[in-house]
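Taken together, the values in this text are just the output of simple stated rules run on the coordinates, not laboratory data. Here the structure is a predicted model, which means the values were calculated and not measured. FYI the Cβ positions are ideal-geometry reconstructions off the backbone, even for glycines, and counts take in every protein chain you see.
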Amino acid sequence: MSSQKKIGLYGSLRVLTLAAMLAAVSVVIGIVCKNFLTFNIYYRVTFENLPVIFAGILFGPFVGMAVAVVADAASCLLSTNPVINPLISVGAACVGFCAGAVPRWIVRRPGALQTSLSVASAHLLGQVAIKSVAKMIWYEMPWWGIFIGFGISACVGTIEFFILRYLLGRRSIMSALEGIVDR
């Protein structure tokens, strides 16, 4: 039985609150990166997936997916061109889902392997595959741009891995999440 079912409505409200805060953090990181680390319409160094992956690992694939979709929609609506691209949103949803699916169904034991597979699957499927196809369809990105996106995702994913390992290894953080998270 999951912790959320054991602790009832109060736990569900805590998960909802933390998920909303992680979505907000993702939006803020995305806005900062859009303003300072964008090279052109196709390529941007961004860590906006970090809170989404963190939510997926902590709360599961569906909460991770919800955090990603809310963050993507809010980020689009707050940008200078408030148009939501549905394929980019599917890619964002895939990032959250993959990050949460690995600890729930593939590698159940917390550790470096679980974190690395969560980050890698989220970036490879959501960021590189789906979002690259969306950029090729909507923004006419050249096909070889996938390789540049893969390189950026590999670098960003490596940094995100180390940040997540640090956060998940902190006793203070994990004790604050005790009773909310299924770990």
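Assuming charge only on the beta carbon of Lys and Arg (+1) and of Asp and Glu (-1), the dipole of segment 7-176 about its Cα centre is about 500 debye to the nearest 20.
With contacts taken as Cα pairs under 8 Å at a separation of at least 6 residues, segment 43-104 carries a relative contact order of 48 percent. When each full DSSP H helix of the chain is screened for a Cα extent of at least 24 Å along its own axis and an average Kyte-Doolittle hydropathy of at least 0.5, the helices passing are 3-36, 61-78, 145-169.
Between MET141 and MET136, the built amide H atoms are under 5 Å apart, and every one of these is 5 or more places off in sequence or on another chain. Going from the residue with the fewest nearby Cβ atoms within 10 Å to the one with the most, SER12, SER132 rank SER12, SER132. What value, in deg cm²/dmol to 500, does the helix sum -39500 (n - 2.57) over DSSP H runs of n ≥ 4 give at 222 nm once divided by the residues of the chain? Rounded to the nearest 500, it is -23500 deg cm²/dmol. Sorting MET65, MET21, MET141 from the fewest to the most surrounding beta carbons within 10 angstrom yields MET21, MET141, MET65.
When you restrict to C-alpha pairs under 8 Å that are six or more residues apart and normalise by the size of the chain, the relative contact order lands at 24 percent. For the residues GLY157, GLY169, GLY64, a GNM of the chain with alpha-carbon springs under 10 Å puts the largest fluctuation on GLY169.
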